[in-house]
Amino acid sequence: MRDRLKGKSALVTGAGSGIGEATARLLADQGAKVAVVDVDGEKAETVSASINAAGGCSVAICADVSREEDVKNAVKRAQSRFSSLDILINNAAVQIMGELHDCTEEQFDRMIAVNLKGVFFGCKHVLPFMLEQKKGVILSTSSVLGVTGDADLGIYGATKGAVIALTKSMAVAYGSSGIRVNCVCPGDVGTPMVEQFFDFQPNPEAARERVYGQYPMRRIASPEEVAQLLAFLASDEASFITGSHMFVDGGLMASVY
Ligand SMILES: NC(=O)c1ccc[n+]([C@@H]2O[C@H](COP(=O)([O-])OP(=O)(O)OC[C@H]3O[C@@H](n4cnc5c(N)ncnc54)[C@H](O)[C@@H]3O)[C@@H](O)[C@H]2O)c1
């Protein structure tokens, strides 16, 4: 496995924490050169430094995916540093909880800007390189909420549904150019984003038990379990998989009761 991604270069957004961090580490561990991109430059530096200290090859880039110039520069830097860019993982997102009638326009705009526009900017700016290389892999982190509902996460879910739709259209548009496009749909994952969800509840411990109980596997995922799926989809082992949204949810979406 250590050589699975040897010779490939990747850019992972939101790689300073959670799923993005686990993915950047795993890709590097499997031989890829990795651009660790995050709006929090310090977090990006920390992750990148520890990848390099472990013998990997990475660069930290501070960028806000909702800003086109930032994304364009991040892609350019990664491409010129690694002399290629084979894998883009659009993972950065923000989640603002609350009932729809309480959601402000500013909150709506922020979720759209990071979770959807950020994905669009990433794709838009890697595509010229990938089209020239006649190959590439674009992956995004969607969510089970992209295909199902949550009373307090309507707009967040709408952005994740849009990412699935975009994934499918791009797979259709760029398949003949050797570019594969897929997204992963995790259920709950033990990251700061989910801890915030538990903290938001009146009784966090009871909420944790209730959420775990909804999963056939009676637990939530680790960030590493999502990273494993992303690393597989990024590799040549997934050479005929495109246009898919894949659940990594411990059976949550398979169960009704
Ligand atoms: N944690 C879950 O349960 C869960 C479930 C389903 C989907 N997801 C999705 O997985 C992805 C990662 O989530 P996570 O739980 O690891 O989150 P996280 O909060 O642990 O990490 C997100 C990272 O993204 C960065 N980020 C935020 N806004 C950014 C921006 N504008 N530009 C660049 N970086 C930015 C943050 O600084 C942070 O380092 C997100 O797309 C999220 O929607 C998470």
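The values are calculated or read from the model by the stated rules, or taken from the named source; none is laboratory data. Small disclaimer: the values here were computed from a predicted structure and weren't measured. Counting neighbours? That spans all protein chains shown, and the Cβs are built from the backbone with ideal geometry, glycine included. Areas reflect the complete protein model, heavy atoms only, side chains present, ligands, DNA and RNA absent. Shrake-Rupley method; radii C 1.70, N 1.55, O 1.52, S 1.80 Å.
For a protection proxy built on the mean count of beta-carbon atoms within 10 angstrom, sort 24-34, 208-218, 185-195 highest first, please.
24-34, 185-195, 208-218
Treating the beta-carbon of each Lys and Arg as +1 and of each Asp and Glu as -1, no other charges, what is the dipole magnitude of region 99-157 about its Cα centre, to the nearest 20 debye? Walk me through the numbers on the way to the answer.
Working: 5 positive and 8 negative charges, 137 e Å.
The dipole of region 99-157 has a size of about 660 debye.
Annotation: amide H of CYS57 within the under-5 Å range of VAL34, sequence separation 5 or more or interchain, hydrogens built in the peptide plane.
Computed from backbone phi, the HN-Hα couplings of region 93-107 come to 7, 10, 10, 10, 8, x, 5, 4, 6, 9, 6, 7, 4, 5, 5 Hz, rounded to whole numbers (Karplus: 6.51 cos²θ - 1.76 cosθ + 1.60, θ = phi - 60°; Gly and Pro given as x). Were the residues from PHE198 through ILE96 laid out at 0.36 nm apart, the gain over their Cα-Cα distance would be 35.4 nm. Annotation: amide H-H contacts under 5 Å for PHE247 (H modelled 1.01 Å from N, sequence separation of 5 or more, or interchain): CYS185.
Taking all protein chains as present, what is the carbon and sulfur share of the accessible area of region 68-122, in % to the nearest whole number, probe 1.4 Å? Working shown, then result.
Working: 1390 of 2840 Å².
Using a 1.4 Å probe with all protein chains present, region 68-122 comes out at 49 percent carbon and sulfur.
Could you state the number of Å between the C-alpha centres of region 206-240 and region 9-32? Value for the Cα centre distance between the two parts: 16 Å. Using R₀ = 45 Å, calculate the FRET efficiency as 1/(1 + (r/R₀)^6) where r is the Cβ-Cβ separation of ASP150 and SER239; round to 0.05. The formula returns an efficiency of 0.85 here.
Normalised per residue, the accessible area of the chain is 47 Å², obtained with a 1.4 Å probe and no contribution from ligands, DNA or RNA. Positive end of the dipole of region 61-163, charges at C-beta (+1 Lys, Arg; -1 Asp, Glu), about the Cα centre: which of GLY157, SER140, ALA74 has its Cα farthest in that direction? Comparing the listed Cα positions along the dipole, ALA74 ranks first. Between helix 41-53 and the chain there is an angle of about 60 degrees, using the helix long axis and the longest principal axis of the Cα atoms. Whole-Hz Karplus values for region 199-215 come out as 4, 6, 7, x, 10, x, 5, 5, 5, 4, 5, 5, 5, 4, x, 6, 8 Hz, taken residue by residue from phi with 6.51 cos²θ - 1.76 cosθ + 1.60 and θ = phi - 60°; glycine and proline positions read x.
For region 145-257, with all protein chains present and a 1.4 Å probe, just round the carbon and sulfur fraction of the accessible area to a whole percent. Spell out each step's value before the answer.
Numbers: 3240 of 5630 Å².
That fraction is 58 percent.
Backbone amide hydrogens, once placed in the peptide plane, bring SER9 within less than 5 Å of LYS33, ASP86, ILE87, excluding anything fewer than 5 places away on its chain.
Counting only heavy atoms of the protein chains and using a 1.4 Å probe, ARG67 has close to 140 Å² of accessible surface. For the pair LYS124 and GLU225, label points projected 7 Å from Cα toward Cβ lie 3.6 nm apart.
Charges at C-beta only: +1 for Lys and Arg, -1 for Asp and Glu. How large is the resulting dipole of the chain about its Cα centre, in Debye rounded to 20? Spell out each step's value before the answer.
On the way: 24 positive and 30 negative charges, 251 e Å.
I would put it at about 1200 debye.
Using 1/(1 + (r/R0)^6) with R0 = 51 angstrom and r between the beta carbons of ASP3 and ALA206, what's the FRET efficiency to the nearest 0.05? Please list the in-between numbers first.
Numbers: r = 46 Å, r/R0 = 0.90.
Computed FRET efficiency for ASP3 and ALA206: 0.65.
Think of region 28-113 as having a plus end and a minus end, set by charges on the Cβ of Lys, Arg, Asp and Glu; of PHE108, ALA49, VAL37, ALA49 sits farthest toward the positive end of this dipole.
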